[in-house]
Amino acid sequence: MLFRSLVAAAALLTAAPVVAQDGAQRALPVVVIPGPSEGQLIRGAASVFAGKTNEERRDALVRLLRVYGLDPAVQTFEGGNSRTGPMAGSNVVVTLGDGPRDIVLTAHYDAVKLRDGSMSQGIVDNAGSVVAMIEAMKALKGQPTSHRLIFVLTDQEELGLIGAKAWLDAHDKSRIHAVINADVAAYGRTVMYGENNGAQSGFVLTALRSQCAEQGVNCVAFPVYPPSDDRVFSVAGVPVVSLGTQDAVGAHQMWLAFNGGEDNGLKEGFVPPVFQRIHSPEDKLSYLNGEDVARFGRFIADLTLRLDRAAP
Ligand SMILES: [Zn+2]
């Protein structure tokens, strides 16, 4: 924002003539301050999550949303699991538009606590998806939709999808038209999605596949896709898809690891790179590609508009 203001100020200075002491009007010298690229802005947004506790991540998220003119509501719940004991959590919710039914977009903002007790920086898992969701909010704000759009940035996903459960428990699920979840999305232009969210999710997959084809996006269908907040919705019979991004090689290695069976061709003991990064001290900002995250955010916004028109 600061850089943009400087550019605007520079433009004003350029436009405004000044009256010199001799009475002649002279233009001020032109000062051109190059603004940051979209990718740099995205990376800056993601950097606010690094090296923080989950409470600090929540507060940073609320501040970030306000910077973009969005109006977040913090919804606290009683969470925790058998390991942590009772532990309060907070979902951060942004609602756009209105309508008789809802399209819900979820991404968890919490990071995992590592075995040594320190916090993961939680960039690939899952600040990248959160920032992509913010990009989607920016693209969708003010767009006419026939559904209310509810972005639920969840807490305690890493403790067992607890924030998503708390949100759904407090919500009338019959209002939900469809849910888009994003988890593990900080780099790469290959979109991965799960096909294992129940028959009720079929129309969501149809809309997604049409979009992938029309936009020429490489989308990889996973018969088995790792669980995230999406499971809370599919277990409740709600239509949902879970998305992530990676480079093409990483996406296919992950496909083979989850779906290739014993003869998947991967070397003995091979762990797809993304699984070496997340839930480790390696989940760092250096892996985040701002352009890729921005592109994924627009992809999510487009899918939302497509689902807005799609009948189950
Ligand atoms: Zn995650």
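Using alpha carbon centroids, what distance separates the range 117-143 and the range 253-289, in Å? Comparing the Cα centres of the range 117-143 and the range 253-289, I get a distance of 21 Å.
If each DSSP helix of 4+ residues adds -39,500 (n - 2.57) and the sum is divided by the residues in the chain, what number results at 222 nm, nearest 500 deg cm²/dmol? Please report the intermediate quantities before stating the final value.
Working: 10 runs with 116 residues, N = 312.
Value at 222 nm, helices only: -11500 deg cm²/dmol.
Taking the Cβ of A166 as the centre, find all other residues whose Cβ is under 12 Å away and add up their charges (Lys, Arg: +1; Asp, Glu: -1). Taking every Cβ under 12 Å from that of A166, the sum is -4.
Of K138/K173; K52/K138; K52/K165; K113/K138, which ones are farther than 28 Å apart at the Cα? Among K138/K173; K52/K138; K52/K165; K113/K138, the Cα-Cα distance tops 28 Å for K113/K138. The alpha-carbon of K284 sits under 18 angstrom from the alpha-carbons of these aspartates and glutamates, leaving out residues fewer than 8 places away in its chain: E56, D110, D116, D125, E158, D183, D247, D292.
Legend: helices of the chain (whole DSSP H runs) are marked when their alpha-carbon atoms reach 27 angstrom or more along the helix axis and their mean Kyte-Doolittle hydropathy is at least -1.0; marked are 290-309.
As a footprinting exposure proxy, order D125, D302, D172 by other Cβ within 10 Å, with the fewest listed first. Provide the component values of the computation, followed by the final result.
Working: D125 28, D302 18, D172 9.
Result, fewest neighbours first: D172, D302, D125.
Largest mean-square fluctuation among F270, F296, F203, in a Gaussian network model of the chain whose springs join Cα atoms under 10 Å apart, belongs to F270.
Bear in mind these aren't lab numbers, they're just calculated from the coordinates by the rules spelled out. All of these numbers come straight from a predicted model, not from anything done at the bench. All Cβ positions, glycine included, derive from the backbone under ideal geometry; neighbour counts span all protein chains shown.
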